[in-house]
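What follows is a set of notes on a single structure, which appears directly below.
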């Protein structure tokens, strides 16, 4: 399926619908499955059965089962999160994020970025919970020097999955105005567009087939505030933006043309662990990665 066919097909789908996997793969093609979440906000259990909007939906245990099933079928799987893991239920108030990190570690998350609510117990609170996370946090536009987080958060990573060489980096929202100053302390915020383009260029220059941005900027705003849409339009070398912060349920990955007229896809799965996003790429004989299919798995 080429990109035009993908967009045509994606327009007919709705969030929460599980799409059958593609079966017609060429002899020289290999699949990468990217699973992703955002803003699950300490929702350990499903919503109550009498919840008006999400009756019985969500829950970490169900998400873990779905992830396990997908991993049993495909050898090249990445599991990513776009921030705001903390805050939202009494579990966070009681355990300070320990349970969330332990559950994500049990699910074998690969990488995550930081959301503004991940600082709700301050730098010290986040630092205290890092030993419970088997996965690595990435953020390229926060400078953590002179803080407890210095040396614990990487700007980017490169990982090999089968034939795929994938570059992944994180981008965070401006904390000033969202988080009390005493909670984020000496963290210095850098322009997300400039930093994203610097990192993406570096990743492409070392041969990454796919460059993924884990963003907590927010999908889009009525103002000129930097968002995933604005980042995509002003980017180069980024293939996929997996977003968070605005709790946006996208019916399909949004296709944006960047500043050199290349395609960037943006996706976001809503919030509270209600959906597990899935995006499939194929690696062809020309040593290229192409987005081939996507689906949402409703956690219910």
Report summary line: Taking Cα pairs closer than 8 Å and at least 6 residues apart, the relative contact order of the chain in percent is 24
**Report entry** GNM top mover of 203, 231, 183 - the chain, alpha-carbon springs below 10 Å
**Finding:** 183
Report task. Take every Cα pair under 8 Å in the range 129-180 that's 6+ residues apart, average their separations, divide by the length, and report that relative contact order as a whole percent. Result -> 35
Requested in this report: Springs between alpha-carbon atoms under 10 Å, Gaussian network over the chain: tell me which of 202, 222, 136 tops the mean-square fluctuations.
Outcome: 222
Query raised in the report: For the chain, what is the mean residue ellipticity at 222 nm derived from helices alone (per DSSP H run of n ≥ 4: -39500 (n - 2.57); sum divided by total residues; nearest 500 deg cm²/dmol)?
Result: -6500 deg cm²/dmol
Query raised in the report: Share of antiparallel DSSP beta bridges in the range 73-230, in percent to the nearest 5?
Result: 40
Query - Among beta bridges that DSSP assigns inside the chain, antiparallel share in %, nearest 5 - result: 55
Requested in this report: Take the chain, connect every pair of alpha-carbon atoms lying under 10 Å apart with a spring to form a Gaussian network, then pick out the residue of 238, 66, 279 with the largest mean-square fluctuation.
Outcome: 66
Requested in this report: Quick one: divide the alpha-carbon radius of gyration of the range 219-260 by 2.2 N^0.38 Å and tell me what you get.
Outcome: 1.13
Report summary line: Relative contact order of the range 156-300 (C-alpha contacts under 8 Å, at least 6 apart) in percent is 18
Query raised in the report: If you stretched the chain out fully between residue 61 and residue 261, how much longer would it get, using 0.36 nm times the residue separation minus the C-alpha to C-alpha distance?
Result: 67.8 nm
Query - More than 21 Å apart - percent of Cα-Cα pairs taken over the range 201-300 - result: 35
**Report entry** Ranked by how many other beta carbons lie within 10 Å on average, peptides 254-265, 186-197, 289-300 from highest
**Finding:** 289-300, 186-197, 254-265
Query raised in the report: What are the radius of gyration and Dmax of the range 108-203, computed over its Cα atoms and given in Å?
Result: 13.7, 45
Query - Gain upon complete extension [residue 71, residue 152; 0.36 nm per residue less C-alpha separation] - result: 26.4 nm
Report task. Sketch the reach of a paramagnetic label on residue 51 as a point 7 Å from Cα along Cα-to-Cβ, and name the residues of the range 78-115 whose backbone nitrogen lies under 18 Å away. Result -> 84-93, 100, 104
Query - Principal axis dimensions, the range 34-89 - Cα atoms, whole angstrom, descending - result: 38, 22, 15
Report task. Give the share of C-alpha pairs in each 20 angstrom bin for the chain, from 0 to the last occupied bin, in whole percents, shortest bins first. Result -> 36, 59, 5
Query raised in the report: Gap in Å between the Cα centre of the range 100-119 and the Cα centre of the range 40-86?
Result: 12
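Computed from the coordinates by the stated procedures, all read-outs in this text should not be read as laboratory data. None of the values given here were measured: they were computed from a predicted structure. No Cβ is skipped: glycine too gets one built from the backbone with ideal geometry, and neighbour counts run over all protein chains shown.
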